[in-house]
Every structure is written in C-alpha cells, then in structure tokens.
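Some notes on the structure that comes next.
The values are calculated or read from the model by the stated rules, or taken from the named source; none is laboratory data. Please read these numbers as outputs of a predicted model, since none were measured by experiment. As a convention, Cβ positions derive from the backbone with ideal geometry for all residues, glycine included, and neighbour counts pool all protein chains shown.
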Protein chains: 2
Amino acid sequence: MSEIYRASTTAPVNIAVIKYWGKRDPKLNLPTNSSLSVTLAQSDLRTHTTASCASAYPAEDSLLLNGSPQDVSGARTQACFRELRALRKELESKNNGLPKLSELPLKIVSENNFPTAAGLASSAAGFAALVRAIANLYELPSSPTDLSRIARQGSGSACRSLFGGYVGWEQGTAADGSDSKAFQVAPASHWPNMRAVILVVSAAKKGVSSTTGMQTTVATSSLFASRASETVPRRMQEMQKAIQDKDFETFAKVTMMDSNSFHATCLDTYPPIFYLNDVSRAAIKIVESINEAAGKIIAAYTFDAGPNAVVYYLEENEKEVAGLFKSILGEKEGWAGERGQTVTANNEARDKVVVDNAVAVGLLEEGVSRVILTGVGEGPIKIEKSLINEKGEPVS
Amino acid sequence: MSEIYRASTTAPVNIAVIKYWGKRDPKLNLPTNSSLSVTLAQSDLRTHTTASCASAYPAEDSLLLNGSPQDVSGARTQACFRELRALRKELESKNNGLPKLSELPLKIVSENNFPTAAGLASSAAGFAALVRAIANLYELPSSPTDLSRIARQGSGSACRSLFGGYVGWEQGTAADGSDSKAFQVAPASHWPNMRAVILVVSAAKKGVSSTTGMQTTVATSSLFASRASETVPRRMQEMQKAIQDKDFETFAKVTMMDSNSFHATCLDTYPPIFYLNDVSRAAIKIVESINEAAGKIIAAYTFDAGPNAVVYYLEENEKEVAGLFKSILGEKEGWAGERGQTVTANNEARDKVVVDNAVAVGLLEEGVSRVILTGVGEGPIKIEKSLINEKGEPVS
C-alpha cells in the first residue's frame with residue numbers, strides 16, 4: 001500500500017472588534033475596509049483539522065466536517081487548494097528528493113468543538129485550520145502572514161485566525177490582493193486578562209448570509225461609504241493604540257461604536273438587513289447598566305452577522321460582568337467547567353442592574369439558549385492527534 | 001363683564017417620508033436637513049384648539065389639553081406666544097380702532113381626537129393648532145408659511161402641519177431661522193388617493209425623547225453627517241419629483257430608505273438609540289412580502305421616533321395592503337367606522353403573504369394594540385365649534 005501523509009492542527013475562532021463588512025473584490029475576498037479582532041481561546045472554541053494525501057485515495061479531493069461530507073468544488077475552497085499546491089510544487093521543483101504531494105488527492109477531516117449551528121464564526125476557524133493543516137502537510141515554510149492571504153480567499157475573516165492575540169487585517173490596495181493580509185497587533189500574552197462571555201441567542205432562523213448581505217450594503221447603503229472611508233480608518237488607529245496601552249475603556253467604547261456602525265449600515269441597506277433582535281437589544285441594555293453601575297466602562301458588547309452577543313471584559317471584573325450574566329442566566333448550558341463554576345456575581349452590582357431592567361432580564365432569560373465563557377487565546381497549534389488513521393480512514 | 005374674544009381651528013398630524021432628525025440650532029429648532037411629510041386626514045387624527053383672550057382672565061396665560069392644565073412657561077410655547085403677540089401689536093399700532101388683544105392674557109383649550117399616549121406626532125398637530133388658533137384670534141394676515149416659522153419654534157415638525165397635502169420643510173441657512181419654513185409641494189387634491197394604515201405598537205415604555213435623541217446623534221454618530229449633507233438633499237429632490245409625477249414606486253422606495261437611514265443613524269448614536277423593535281421589524285417583513293406578492297412596490301413603511309408602523313399605499317391597492325393587515329389584525333380596535341368596514345383582503349395575495357410569514361404574523365398579532373386607517377388630508381381648518389364658552393369657561 002502507498003504511503004499516507006498526514007498533518008494536524010487546531011485553529012481558533014476570532015470575534016472582530018472592528019468589523020469586516022463589504023468586499024471591493026468578491027472573488028478574492030478583498031475588503032472595503034481594514035478590520036481587527038480578538039482571537040479566542042481554543043479550549044473553548046476551535047476547529048481541529050487533519051489534512052492528508054496519498055496516491056491510493058480516490059482522485060477527488062474531499063472534506064469531512066463533523067462527520068458530514070462537504071462540497072469542495074466551490075471557488076473558495078478550490079482557491080485555497082490551488083494556492084497551497086502551487087507553493088508545494090515550488091518546493092518540489094527545487095528539491096527533487098521531496099515526494100510529489102502536490103500531485104496527490106487531498107483528504108481532509110475537520111471537527112469543531114462547538115455547535116456549528118450556534119451562529120459563531122465557524123468558517124473563520126474552519127478555513128484557517130484547513131489552510132494551516134495543508135501547509136503543515138506540505139511542510140511549507142510560509143509565515144502566518146503568507147497563509148493569511150490564502151485563508152482570506154476561503155473566508156475573509158479566516159485570515160485573522162492564523163494569529164493568536166489581537167489581530168488586524170490590512171485591507172490593502174493591490175488589485176491581486178497581495179497586500180490584503182493579517183498581522184498581529186499584539187500577542188495574547190501582551191494583554192492576557194481579556195475575557196469574553198458569549199450569549200448564544202436562539203434565532204428562529206438564520207438571516208441574510210453575510211456574503212449576500214455585505215454586497216447589498218455596498219450597493220445600496222448611502223451611509224456605507226463614509227463608514228469605510230472615514231470611520232473605520234480612524235477607529236483602526238484608536239483600537240491599535242488602545243491595545244498597545246491596554247486601555248480597556250477606549251477598547252470597549254470603540255468596540256461598541258463599531259458594532260453599532262456596522263449594524264447601522266445593515267439597517268441602511270435596501271431592503272434593510274436586521275441581525276439584532278429584541279434579545280440582542282436586551283444584552284446591550286444590560287451592558288450599559290453594568291457600566292453605569294461600575295461608574296466606568298468595564299464591559300463591551302459586539303455583534304457579528306447574527307443576534308448573539310459577545311461581551312468583552314477584563315478578568316478582574318469577572319464578578320461584575322460574567323457574574324452578572326450568570327445571576328440572570330445561571331440555568332443555561334455553558335457555566336459548567338472549571339472557569340464557569342468559579343464565576344460568581346457581585347451581589348451589590350447585580351441588584352442595581354437587575355432591578356432596573358426587568359424587561360431586558362426577561363428577554364434574556366427567554367431568548368438566550370446557552371453561554372460560552374472564553375477569553376483571548378493563541379493562534380493555530382500543530383498537534384499530534386490525527387483525525388485520519390494510518391489506513392487513511394477518518395476516526396473520531 | 002369685559003368682552004371675551006375667541007377663535008377656533010383644527011390642525012392635522014403629519015407623518016414624514018423624509019425625516020427631520022438633528023438640530024443645527026436647538027433654541028430656534030433649526031434642522032440639520034430639510035424634510036417632507038404627508039398631512040393626514042383630520043377626520044382620523046386632529047387637534048381642535050380654541051384660543052381666547054379677555055381682560056377678565058387671570059393674568060397668566062393658560063393651556064388646557066384634553067382636560068389637563070399644561071405648563072406654558074417653557075421656552076417653546078413662550079416663543080410662539082411672543083411672536084404672535086408681536087404680530088398683533090404691529091396691527092394694533094397701525095390701526096388704533098383695533099382692540100388691544102396683544103395685552104390680554106390668553107386662555108387656550110385643546111382636544112385631540114386620538115390617544116396622546118399612542119406615540120403619534122401629537123406635538124406637531126398641537127403646536128400647529130395653537131399657532132393657527134391664536135393667529136385667527138388676532139386676525140393676523142400671516143400666510144401659512146409665515147406661521148410655519150412660528151410653529152417650528154414650538155415643535156420642529158409642527159411647521160409642516162400648517163399645510164395640507166404634501167409638505168416640505170426647507171432647512172434654510174439664515175442664523176435667525178427666517179428661511180427655515182414649510183412649503184406645500186402639492187395639495188391633497190393633486191394625489192388624493194394616498195392612504196395610510198398606522199399600526200400602533202404597544203411599547204413597554206417611551207424610549208429616548210426625540211429632542212434628546214437627535215442631539216446625541218448629531219454629537220456622536222459618525223454616519224450622520226453624510227446623511228444630512230448628501231443623502232437627504234438628494235432624496236428631497238427625488239421625493240418632490242415622485243409626488244409631482246404621482247410615481248408611487250419611487251415615493252415608496254425613497255420613503256422606506258429614508259426611514260431606514262434615519263433609524264440607522266439612531267443605531268450609530270452612542271449610546272445607541274433603538275426605536276424599532278421586533279414588532280416593527282415584523283411590519284417591515286410583511287410590507288416586503290406584500291410588495292413581492294404584488295410584483296411591484298404598492299406599500300411603504302415608515303417609522304418615527306417609536307415602534308409604530310405607518311404604511312402608505314394607494315386606494316386602488318387597499319385590498320392588498322390595508323386588507324392584508326386586516327386579515328391579520330381584524331380583531332384589533334380601529335377597523336370600525338365607514339372606511340374600515342369596507343376594507344377586505346385580496347384572499348390570494350393574503351394567502352401568499354401570511355403563509356410565508358408565520359413568525360412575523362404572530363409578532364404583529366401579539367404586539368399591535370390598534371390600527372388607524374387614514375389618508376392624505378387638508379391643512380388647518382377654521383371652525384365655529386368653540387371649546388371655550390361665552391363666559392370664558394372650557395367646554396367639551
């Protein structure tokens with residue numbers, strides 16, 4: 001039997017604090033503005049991917065995600081395969097001793113440790129893991145930045161999941177996308193006490209897809225242009241400085257304003273796109289009350305293309321933020337596990353916030369299906385555990 | 001006993017299709033952008049006001065609204081009184097034979113024929129009626145345009161209620177507000193078949209007041225400037241042409257886009273302002289489905305600073321628009337009365353719309369407290385019926 005080559009990695013989810021919304025080139029996933037995110041800890045949220053190739057495999061490349069075969073014929077996945085194979089081919093042409101892996105069919109197996117249906121940014125972790133795993137398989141010398149250009153073509157925000165910590169995505173100006181790549185603003189160790197609690201909202205059904213939505217916004221929103229050309233460039237600077245300075249109040253204020261700005265351009269789209277619902281608004285209300293009770297900004301909400309709230313805070317304020325939400329949502333799934341069990345509310349702060357917000361509290365109790373406790377984390381990690389056995393079969 | 005002078009008027013509500021949001025001068029109520037509205041029929045929604053003066057009255061000016069004494073010491077009401085008295089004084093100084101009404105205390109009695117708490121634009125009708133009634137009392141030769149400058153100082157949008165039909169409010173540029181005034185784009189008779197159904201949404205409580213809200217938007221929204229300087233000026237032109245041409249599709253599209261643009265700048269405010277809730281979004285969804293089922297735009301939603309939906313349509317589409325809402329909300333108050341009883345649904349259109357929108361239909365059933373059926377109507381009307389009797393006492 002022919003040899004089976006295998007390599008595995010994990011890759012993280014990231015949640016933007018300056019949002020990516022709008023493509024100037026849909027084919028290459030080139031954005032209309034730069035963006036910035038926090039990479040989340042992989043113990044809570046990660047994709048584990050094994051990439052494998054062998055001459056004995058069926059001729060068609062394949063991808064299995066959480067046990068279900070995925071279509072890999074789409075232009076986005078194909079672009080990633082093509083670019084990675086080209087880099088491998090380059091190595092092979094320089095070194096005749098290398099096996100010709102670029103000519104073998106790929107078999108890829110992926111697993112998420114979180115529910116795909118939760119509306120979390122699973123495609124970011126997914127494409128980052130796919131690209132990183134194949135790069136490991138091919139033993140490419142490419143840097144995370146190089147790989148971010150490839151992952152971007154799979155899913156825009158995936159480029160930011162090639163790094164840990166605080167990560168920017170430079171929009172770039174080149175038509176071929178060569179300068180549209182991710183960069184690390186700061187490693188997780190620079191500001192390690194950044195935490196997040198995610199309130200997963202049970203949505204009736206998935207709204208407008210982000211790919212369709214963002215292009216309709218670019219085409220129809222009269223407010224969008226000033227967001228892309230003026231608001232975001234200014235906020236990218238403010239946010240990078242806030243991270244360098246570990247200035248949570250600025251980080252939080254810019255995060256909230258940018259989430260609102262993004263959703264405002266969605267509402268200004270024709271027909272309008274709504275991702276926030278009354279439960280999302282209730283989460284905003286509670287965060288505002290938490291900050292009022294604290295007398296300063298200790299919590300920041302942000303929303304991607306869906307109703308789930310991601311609330312960033314610093315570990316030293318866990319009682320006042322995660323603890324507050326636990327006092328409302330203690331019955332929900334997600335508080336189990338070491339960290340969740342130690343989260344307790346600051347009773348005085350809780351009383352202030354809960355009493356004044358009966359309607360919002362009721363909406364959260366009714367509309368939040370589970371919580372996820374997490375924090376800033378590392379980039380992709382090469383691991384031994386393979387999702388494909390030595391016979392080339394998927395294992396789990 | 002001294003003579004009692006009295007004059008009465010009614011004045012209409014107006015609902016903007018290009019929204020007023022933002023003041024460049026809060027004291028004079030000078031707006032950051034022009035706006036445009038449809039005046040609604042007074043049979044459905046009006047303020048009835050009697051203005052009266054007599055030397056025998058208590059020295060303080062007074063205002064009774066729906067039986068409750070109102071504070072008239074505020075700068076806005078005082079500005080209206082002062083300007084109208086000055087105009088009367090000018091007449092008196094030119095004609096010695098005129099009684100010196102400008103020196104007498106005012107007693108004003110007002111009644112709305114609609115629930116004030118419904119969150120409709122009652123201040124617009126209220127200040128328009130107040131100014132028009134006093135102008136009648138003083139027998140001022142002032143045109144509606146002249147009076148609109150005065151009513152504007154009471155409540156910005158009140159200036160548009162001095163006219164019937166389709167009414168613009170020119171923002172003006174003069175620092176003293178002399179060119180910030182209302183004008184008639186077209187009388188109601190030009191396009192008489194414009195109808196509206198208002199879905200009154202039972203809100204838990206009143207949100208941010210519009211005066212506070214709009215100034216926070218001006219101060220904090222980074223998208224607001226381009227709305228005021230670019231979007232609205234373009235849409236004012238498009239809307240005036242659509243009205244001249246009786247082009248409902250353009251009228252409707254600009255109406256919806258402008259409502260969305262206004263609410264987008266509210267969401268982009270810090271902290272964000274939300275007037276739309278899940279019930280409002282359900283109304284938007286149903287309007288979108290009505291238009292899809294019709295294969296063209298026959299209904300247009302718009303939302304002021306609250307969750308109530310105002311849906312404009314043409315009389316020839318009553319079955320497909322008002323009738324559709326009646327098939328969902330037939331149990332609610334507001335369908336009684338001659339017009340409401342004749343509203344029936346187009347069954348085929350209804351089936352298409354209702355079946356596809358179970359969630360939205362449920363939200364409307366649960367969240368709409370009453371409906372109001374109305375349409376384009378006339379400006380203030382001088383009437384005989386007085387709310388103050390010949391002894392100077394309020395009657396009702």
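Looking only at strands (runs of 3 or more DSSP E) that lie completely in region B:18-62, which have at least 1 residues being in the same structural domain as B:I150 (by TED's automatic domain parsing), crowded, with 24+ Cβ neighbours inside 10 Å and touching a strand residue (DSSP E or B) at 6+ places or on another chain (Cβ under 7 Å)?
B:35-39, B:46-53
Would you confirm whether any residue within region B:236-256 is within 19 Å of A:N277 (Cα to Cα), part of a helix (DSSP H, G or I) and facing chain A (nearest Cβ under 9 Å)?
Within region B:236-256, not a single residue is within 19 Å of A:N277 (Cα to Cα), part of a helix (DSSP H, G or I) and facing chain A (nearest Cβ under 9 Å).
Please determine, by comparing only the residues of region B:149-208 that are assigned to a helix (DSSP H, G or I) and not small (G, A, S), which one is farthest from B:Y20 (Cα to Cα).
The qualifying residue farthest from B:Y20 (Cα to Cα) is B:H190.
Restricting region B:301-351 to residues that are among the aromatic types (F, W, Y) and in contact (Cβ under 8 Å) with a residue 60 or more places away in the chain, which is farthest from B:G165 (Cα to Cα)?
Across region B:301-351, the extreme among qualifying residues is B:F325.
Could you grab me the full set of residues in region A:93-110 that are crowded, with 18+ Cβ neighbours inside 10 Å and either on the phi > 0 side of the Ramachandran plot or in a helix (DSSP H, G or I) (or both)?
Of everything in region A:93-110, those that are crowded, with 18+ Cβ neighbours inside 10 Å and either on the phi > 0 side of the Ramachandran plot or in a helix (DSSP H, G or I) (or both) turn out to be A:L101, A:S102.
If we keep just the residues of region A:328-369 that are modelled with pLDDT of 85 or more, in contact with a Lys or Arg (Cβ under 9 Å, 6 or more places away or on another chain) and part of a loop (DSSP other than H, G, I, E, B), which is farthest from A:R195 (Cα to Cα)?
A:N357
Return the pair list, or none, for Cβ contacts closer than 8 Å from residues in region A:167-192 that are free of Cβ contacts under 8 Å to residues at least 12 places away in the same chain to residues that are of a type outside the set (D, E) and outside any strand (DSSP E or B), at least 6 apart or on different chains.
Going by the 8 Å Cβ cut-off, the qualifying pairs are A:A174/A:S180; A:D179/A:G172; A:D179/A:T173.
Going through B:I286, B:I273, B:I298 one at a time, which residue ends up being surrounded by fewer than 24 Cβ atoms within 10 Å (Cβ to Cβ), within 13 Å of chain A (Cβ to nearest Cβ) and in contact (Cβ under 8 Å) with a residue 40 or more places away in the chain?
B:I273
Looking at A:L87, A:L130, A:L120, can you tell me which residue is modelled with pLDDT under 95 and within 30 Å of A:T32 (Cα to Cα)?
Exactly one residue qualifies, and that residue is A:L120.
Since B:C266 meets every condition but one in (1) among the hydrophobic types (A, V, I, L, M, F, W, C); (2) within 11 Å of another protein chain (Cβ to nearest Cβ); (3) surrounded by fewer than 24 Cβ atoms within 10 Å (Cβ to Cβ), which condition does it not meet?
Answer for B:C266: the failing condition is (3).
Looking only at region B:66-92, which residues are closer than 18 Å to B:N136 by Cβ and part of a strand (DSSP E or B)?
none
If you scan region A:218-235, which residues turn out to be within 21 Å of the chain's Cα centre (by Cα) and either at the interface with chain B (Cβ under 8 Å from one of its Cβ atoms) or aliphatic (A, V, I, L, M) (or both)?
Across region A:218-235, the qualifying residues are A:A228, A:V232.
Kindly indicate whether any position in region B:307-326 is among the charged types (D, E, K, R), at pLDDT 90 or above and more than 20 Å from B:I198 (Cβ to Cβ).
Among the residues of region B:307-326, not one is among the charged types (D, E, K, R), at pLDDT 90 or above and more than 20 Å from B:I198 (Cβ to Cβ), which makes the answer no.
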